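Read-outs throughout are calculated quantities, based only on the coordinates presented, and are distinct from any laboratory measurement. Model, not experiment: these values are computed from the prediction. A quick note on method: Cβ atoms are made from the backbone with ideal geometry, for glycine too, and the neighbour counts reach across all protein chains shown.
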Amino acid sequence: MLGSIKYTVRIQDDHTLIVKGKYPNQNEASDKVFQAAGDGLFVEKGGRLKMLLYQENGTWMMIAPDSETMKQTTFWHRTWTLLISYAAASLFFITTLLIWIIRYVLRAIRKTNNHISSNLAYIALLNTIFLGVQVVYGNNQMVYGYSAWYIWGICTLPLISALVAVWVLIVNGAKLITGEKRTRAAGKILFAVLTLLHTAYLFYWNFLPVHYS
């Protein structure tokens, strides 16, 4: 996300950028190669598009300095919308993990055998780790490219949590059909659905390993 325009920027070399996004007179996103022309200005290779990169309060911004401007983003693509969604997901998974830990500690203190679902804790833990590393490391390395450990390690965690969520859906869907503990099963199904929606959200914003391969 550069400014109010959503484009994915990859560095090919010291003087070349590959920018993916929707350009004028195009309905689908495509890659274009831009070459440095000096002072943050990049010119499309074999074309006439230009873009200017500059920093504002430590954040990289992008504008199209000529009359042929790039497509502006919708409400869904604005930076603050992304940040609010990001914060909500973080709070959801962190809160779930804390609740599970508290319940586990209370069960140990009281020495009871009450069942506590570990699948939901695994989902919350995996996504909490991903979101934490993304904030600390991922956002700072967005322009420079990510290391293999981050792409195939950290970015894989949401996919693993999605697989666990699918298993939760299958198991608790069967419980709903048989009428076994319907209220608890419905709650777990809702949690699993929210997890899958979050994974789809990460896929949409190019946070998963498939986008870096």
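Assorted remarks:
- Proximity of backbone amide H atoms, modeled 1.01 Å from N, is registered between LYS45 and VAL33, PHE34, GLN35 at under 5 Å, excluding neighbours fewer than 5 places apart on the same chain.
- Efficiency of FRET from Cβ geometry, ARG110 and SER85, R₀ 35 Å, rounded to 0.05: 0.40
- Rounded, prolate or oblate (a/c below 1.5 giving rounded, otherwise prolate when a/b exceeds b/c) for segment 120-213 by Cα gyration tensor: prolate
- Residue-span extension gain [LYS175 to LEU197] - 0.36 nm each, minus C-alpha spacing: 5.7 nm
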